[in-house]
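Visitor: First the structure, then my questions, so here it is.
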Amino acid sequence: MGLQAHSSSQDATNDSCDCLLAGPRTSSKRSWPVWMVIVIFLGVVAILAVTIGLLVHFLAVGKMHYYEGVFHISGVTYNDTCDSAASQASTNLSKDIETKMSDAFQNSSIYKEYVDSQVIKTLPETNGTSVQLRLTFKFPPAKNGDMRTEITAILLQVLRDNMASWSAVPASFKLTEISKANSEMLVNNCCGRRLSNSITTGNRIVNGENALAGAWPWQASMQWKGHHSCGASLISSRWLLSAAHCFARKNNMEDWTVNFGTIVNKPYMTRKVQRIILHENYSSPAVHDDIALVQLAEEVSFTKYIRRICLPEAQMKLSDNDSVVVTGWGSLHMFGDFPEILQQALVKIIDNKICNAPHALSGLVTETMLCAGYMSGKADACQNDSGGPLAYPDSRNIWHLVGIVSWGDGCGKKNKPGVYTRVTSYRDWITSKTGL
Ligand code: ARG
């Protein structure tokens with residue numbers, strides 16, 4: 001606009017005869033209306049803003065990128081489809097791969113872009129095993145090509161370095177970028193994986209704390225006539241594990257619904273119940289064989305908020321002082337209020353001998369039960385936590401259902417830890433009823 005005005009006044013002075021007539025006429029003809037000036041100005045500003053925005057977007061703003069990596073292991077067969085507990089050998093292998101990958105990325109030039117890497121499956125194939133990886137990075141789109149090259153180079157180096165110990169075949173390595181939805185699906189189908197892997201030891205349950213959405217995706221609320229009554233744990237798309245005493249006097253299928261999600265009365269998903277199987281030997285006053293299976297009328301589809309927990313192998317051993325987590329919407333104190341948000345508490349396994357001491361539970365804890373909590377009191381499950389999970393994370397942070405909230409002497413009392421049904425004792429019973 002400035003340039004235009006300048007050149008028109010120059011035209012006017014060059015032509016001396018016309019200057020008086022042409023001067024004002026030309027300028028009134030060529031000067032642009034104010035609105036147009038504003039529109040053009042705004043247009044230019046908008047184009048600049050979009051250009052800068054796009055540049056920043058492509059060059060500076062990080063976006064999540066997901067990859068699937070696959071490589072071959074020769075000779076040795078590992079079988080971990082990730083839908084049930086894995087053998088110790090394949091857990092060890094996967095753990096080792098995960099540690100080496102994570103170290104390699106964290107010590108590389110792309111450590112800032114690295115988010116996560118994990119082994120999803122190890123599948124037997126002809127003459128060995130195929131290992132499936134999931135990798136997550138965050139970087140601006142402009143870096144796409146370079147990042148692929150870098151990621152491939154780093155992983156190839158990890159494979160070469162571990163050729164001997166894993167029998168890995170570096171030449172078989174393939175990296176494919178996948179969508180966020182596909183990346184989530186890889187994990188959703190696995191048991192025992194949770195969204196947030198942080199559990200602080202925070203000091204309701206009794207002395208627990210609010211759980212984040214997706215933190216315990218297998219936790220369900222067993223609702224009797226529309227009210228939370230007990231907890232339960234999802235162990236497949238169709239089955240939950242809970243406590244028999246929850247159903248002993250409430251055995252009409254139609255009265256029960258199952259809610260999923262962390263807010264007990266605003267369920268993320270809900271299902272009707274088709275069948276409830278109580279343990280044949282469960283007897284009401286003494287809390288023996290306090291275990292029940294709940295079959296859903298319709299299966300759930302796994303999402304990041306609804307997933308199953310792994311069942312432990314029958315031989316799995318827990319040791320005194322192992323850390324485990326109990327979750328539920330039970331009361332915050334004996335005769336206390338009930339929370340809206342799912343509560344979590346870190347508790348410790350207490351050896352049956354210690355738990356059965358005269359000043360503690362004096363012999364009431366049988367071999368098919370386990371104790372967890374603190375001799376000092378501190379944190380515990382309470383009324384209406386029953387049926388809910390006591391979960392144990394393995395070396396890879398994959399969670400296993402080791403206990404079912406069953407009974408206690410009060411809640412969080414000194415020398416009275418919580419008592420749980422010992423799931424390993426019922427592993428074969430579960431298989432016999434569900435095939436899982
Ligand atoms: N029987 C209780 C219920 O039905 C669970 C009690 C658990 N108590 C404890 N202190 N851990 O909800």
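Please treat every number below as a calculation from the coordinates, not as lab data. Note that the structure is a prediction, hence the values are computed from the model and not measured. Glycine also receives a Cβ, built like all others from the backbone with ideal geometry; neighbour counts cover every protein chain displayed.
Visitor: May I ask for the Rg/Rh ratio of the stretch 116-186, computed from Cα atoms with Rh as the Kirkwood radius, given to two decimals? Could you put the intermediate results ahead of the total?
Guide: On the way: Rg = 13.4 Å, Rh = 13.6 Å.
Rounded to two decimals, Rg/Rh equals 0.98.
Visitor: Using only the Cα atoms of the stretch 315-362, build the gyration tensor, take square roots of its eigenvalues as a ≥ b ≥ c, and label the shape rounded, prolate or oblate: rounded if a/c is under 1.5, else prolate if a/b is larger than b/c, else oblate.
Guide: oblate
Visitor: While we're looking at this one, here's another question. Would you order W329, W239 from fewest to most other beta-carbon atoms within 10 Å of each residue's own beta-carbon?
Guide: On the way: W329 26, W239 22.
Going from sparsest to densest Cβ surroundings: W239, W329.
Visitor: Moving on. Give the share of C-alpha pairs in each 5 angstrom bin for the stretch 40-119, from 0 to the last occupied bin, in whole percents, shortest bins first.
Guide: 3, 11, 13, 16, 12, 10, 8, 6, 6, 5, 4, 3, 2, 1, 0
Visitor: I'd like to compare 51-57, 392-398, 173-179: which one has the highest average count of other Cβ atoms within 10 Å, and what's the full order after that?
Guide: Details: 51-57: 10.9, 392-398: 17.6, 173-179: 13.9.
Most protected by this proxy first, the peptides run 392-398, 173-179, 51-57.
Visitor: Which three lengths, in whole Å and largest first, does the stretch 231-271 cover when its Cα atoms are put on their principal axes?
Guide: Its Cα atoms span 28, 21, 15 Å along the three principal axes.
Visitor: Also, I was wondering about something else. Using bins 5 angstrom wide from zero, how does P(r) for the stretch 44-181 break down, in % of all Cα pairs?
Guide: In whole percents, the pair-distance histogram is 2, 10, 18, 21, 16, 12, 8, 5, 3, 3, 2, 1, 0, 0.
Visitor: Sorting H245, H359 on the 10 Å Cβ count, fewest up front, what's the list?
Guide: Starting with the residue having the fewest Cβ neighbours, the order is H359, H245.
Visitor: Please give the residues of the stretch 390-406, grouped as numeric ranges, whose backbone N is less than 11 Å from a label point set 7 Å along the Cα-to-Cβ vector of S102.
Guide: Only 395-398 fall inside the zone, counting backbone N under 11 Å.
Visitor: Taking a threshold of 24 Å on the Cα-Cα distance, which of the pairs K95/K143; K317/K353; K250/K416; K353/K433 fall above it?
Guide: Long pairs (Cα-Cα over 24 Å): K95/K143; K250/K416; K353/K433.
Visitor: Provide the net charge surrounding G363, with neighbours chosen by a C-beta distance below 15 Å and charges set as Lys +1, Arg +1, Asp -1, Glu -1.
Guide: Working: positive: K353, K416; negative: D351, E367, D409.
Combined, the nearby Lys, Arg, Asp and Glu give -1.
Visitor: Could you give P(r) for the stretch 115-242, binned at 5 Å from zero, as whole percent values over all Cα-Cα pairs?
Guide: Reading upward from the zero bin: 2, 7, 12, 16, 14, 14, 11, 9, 7, 5, 3, 1.
Visitor: Give me the log10 of I(q) over I(0) for the stretch 265-370 at q = 0.17, 0.22, 0.24 Å⁻¹, as the Debye formula computes it from C-alpha points; what are the numbers?
Guide: Normalising to I(0) and taking log10 leaves -1.35, -1.47, -1.39.
Visitor: If we count every other residue with Cβ under 11 angstrom of L296's Cβ, Lys/Arg +1 and Asp/Glu -1, where does the sum land? Numbers along the way, then the final one.
Guide: Numbers: positive: R238, R271, K272, R275; negative: E298, E299.
Overall, the nearby charge balance is +2.
Visitor: Still on this structure, please answer the following. Once the convex hull of the alpha carbons of the chain is built, what does its volume come to per residue, in cubic angstrom? Don't skip to the answer; put the middle values down first.
Guide: On the way: hull volume 97.5 nm³, N = 436.
About 224 Å³ per residue, rounded to a whole number.
Visitor: Could I ask something else about it? Using the Kirkwood radius built from alpha carbon pairs, what does the Stokes-Einstein equation give as D for the stretch 201-357 at 4 °C and 1.567 mPa s, in µm² per second?
Guide: Rounded to a whole number, D works out at 78 µm²/s.
Visitor: Find out how many positive minus negative residues lie around A248, taking Lys and Arg as positive, Asp and Glu as negative, among other residues whose Cβ is under 14 Å from that of A248.
Guide: Spelling it out: positives minus negatives among the neighbours equals -2.
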